[in-house]
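**Student:** Below: one structure in structure tokens.
The values are calculated or read from the model by the stated rules, or taken from the named source; none is laboratory data. None of these values were measured; they are calculated from a predicted model. Note that we place each Cβ from the backbone using ideal geometry, even for glycine, and neighbour counts take in every protein chain shown. These area figures cover heavy atoms from the full protein model, side chains too; ligands, DNA and RNA do not enter into them. Shrake-Rupley method; radii C 1.70, N 1.55, O 1.52, S 1.80 Å.
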Amino acid sequence: MPWKFIIGPIYPFLIYMTILKNKNSGTIQRIEGSGRPKKITANASRALGQYIRQDFYISTRALSPKLTSTGIDVSYRTIGRHLSNHGHHKKISRASPNVNRRS
């Protein structure tokens, strides 16, 4: 049976923990909110987007004190990572291709 090695062994401890989890919470799904909370909330993300739209050339070091004034203390690196994950390259928004352009 080649699939036996793909799935791996099933340990009795894992079965016991799954049954125990089902008894305690009523489900074996992952509990939402059990991880580390995000530092940049939805409101802070919206504020970042507004700052970026007002000034495309603003740096992440200049954005950090602006977010601190709204009550969220984050580093410029966190802001840069957040903007990069949401479609901004460094300080300027990534350009989207013009689909309707005729040759």
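**Student:** Expressed in nm to one decimal, what extension gain is obtained for the pair F13 and D55 from 0.36 nm per residue of sequence separation less their Cα-Cα distance?
**Tutor:** Extra length available between F13 and D55 comes to 9.5 nm.
**Student:** Quick one: ranking I58, I28 by accessible area, 1.4 Å probe, largest first, what do you get?
**Tutor:** I28, I58
**Student:** If you don't mind, there's one more thing I want to ask. When ligands, DNA and RNA are left out and all protein chains stay put, how many square angstrom of accessible area per residue does segment 1-87 have with a 1.4 Å probe?
**Tutor:** Per-residue accessible area for segment 1-87 comes out at 83 Å².
**Student:** Moving on to the next point. Under a plain spin-label model, where a point goes 7 Å from the Cα along Cα-to-Cβ, how far apart in nm are D73 and I28?
**Tutor:** Each label point lies 7 Å from its Cα, and together they span 4.4 nm.
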